[in-house]
1. Looking only at region 25-40, which residues are more than 16 Å from Pro10 (Cα to Cα) and touching a strand residue (DSSP E or B) at 6+ places or on another chain (Cβ under 6 Å)?
2. Here is a list of conditions, (1) open to solvent by 50 Å² or more (accessible area, probe 1.4 Å); (2) modelled with pLDDT of 95 or more; (3) in a loop (DSSP other than H, G, I, E, B), and Gln29 meets all of them except one; can you say which number that is?
3. Mind counting the residues in region 45-96 that are aromatic (Phe, Trp, Tyr), within 30 Å of Arg189 (Cβ to Cβ) and in a loop (DSSP other than H, G, I, E, B)?
4. If a residue must be at pLDDT 95 or above and closer than 12 Å to Cys4 by Cα, how many such residues does region 32-49 contain?
5. Can you name the residue in region 110-129 that is polar (S, T, N, Q) and part of a loop (DSSP other than H, G, I, E, B) and, of all such residues, is most open to solvent (accessible area, probe 1.4 Å)?
6. Quick one: what pairs do we get from region 115-144, first residue over 20 Å from Glu102 (Cβ atoms) and touching a residue at least 60 places away in the same chain (Cβ under 8 Å), second surrounded by fewer than 14 Cβ atoms within 10 Å (Cβ to Cβ) and of a type in the set (Lys, Arg), C-beta under 8 Å, 6+ apart or different chains?
7. Please enumerate the residues belonging to region 92-109 that are touching a residue at least 60 places away in the same chain (Cβ under 8 Å) and either open to solvent by less than 40 Å² (accessible area, probe 1.4 Å) or hydrophobic (A, V, I, L, M, F, W, C) (or both).
8. List pairs: first residue in region 191-209 and closer than 19 Å to Ser222 by Cβ, second residue part of a helix (DSSP H, G or I) and modelled with pLDDT under 95 anywhere in the structure, Cβ distance under 7 angstrom, at least six positions apart or on different chains.
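The values are calculated or read from the model by the stated rules, or taken from the named source; none is laboratory data. Computed from a predicted model, the values in this text were never measured in an experiment. Neighbour counts run over all protein chains shown; Cβ positions are idealised from the backbone, glycine included. These area figures cover heavy atoms from the full protein model, side chains too; ligands, DNA and RNA do not enter into them. Shrake-Rupley method; radii C 1.70, N 1.55, O 1.52, S 1.80 Å.
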Amino acid sequence: MKVCSFELAPYYYKSQEQVRGILVDIIDQISATMGLQADYAMMPPLRCARHVIIGSMDVMPYTSGYLEQLIYTEVPVHFYIAGFIVKDDSDFKSYKGLRQFENKSVGILRGNPQLELLQQHINVQWTQVNSGSSQWRMLLSGRLSAAYGDLIALTALPPYQNKQIRFLHPAYSTSPMWMGFHPSRKIWRDRFNRELERMLNDGTIAKIYRKHSSLSFEKIQSLANISNDTQALPIEP
């Protein structure tokens, strides 16, 4: 099984030349029940999507389900909790709407699928950055007033753990993420659906989160305002 995704700790990241993370553990456990071994590659999301679309890769585990060419799992076990991050000493104490960032420079990763929607707020100075590390350096140095990113990925960063940066609550939006398969892998997708549901019910998913994340799976579900059998909805800005 060929798997590709971009680096987003604690979900999918490289450490000591090994790909690790929440999604890696989940995929390894499920693929083992199928008698398969997962081979992992790290690449930008659009390139990964193209590889899965043409069939040179089998699955991209972190996708919002917007590509009609792929088929998707239906059981959400990971989430994108999007919002704004500021320096700890920022005057911004909570998220009150995009108007609070008018005439401010806000960083966002180049290629973020929500960029087009966010850029409709023309009075915000959106600054596209090429990597998360450069975004956090710019924020800490004062070159950005805020940055847009994912809460769960944020908790894996030393600046967050060292209380140099913080997430503004409530989140801008929350949504479940899906595993996208090449259509020829429908049998695999169906097996993943069954195994993900089992792993949710028997506590395996929660155990994997405890291994990799400072936020428990139960806390993440609470923040996303969903339960095992419901889907997340966007939070109005």
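1. Taking region 25-40 and keeping what is more than 16 Å from Pro10 (Cα to Cα), we get 29-39.
Result: Ala38, Asp39.
2. Checking Gln29 against (1) open to solvent by 50 Å² or more (accessible area, probe 1.4 Å); (2) modelled with pLDDT of 95 or more; (3) in a loop (DSSP other than H, G, I, E, B), the one that fails is (3).
3. 1
4. Kept after step one, since they are at pLDDT 95 or above, are these residues of region 32-49: 32-41.
From the residues that got through so far, the ones that are closer than 12 Å to Cys4 by Cα too are 38-41.
Total satisfying the criteria: 4.
5. Among those that are polar (S, T, N, Q) and part of a loop (DSSP other than H, G, I, E, B), it is Gln120.
6. Close Cβ pairs satisfying both conditions: none exist.
7. Hits for region 92-109 are Phe92, Ser94, Tyr95, Gly97, Leu98.
8. Ile205/Phe217; Ala206/Phe217; Ala206/Glu218; Tyr209/Phe217
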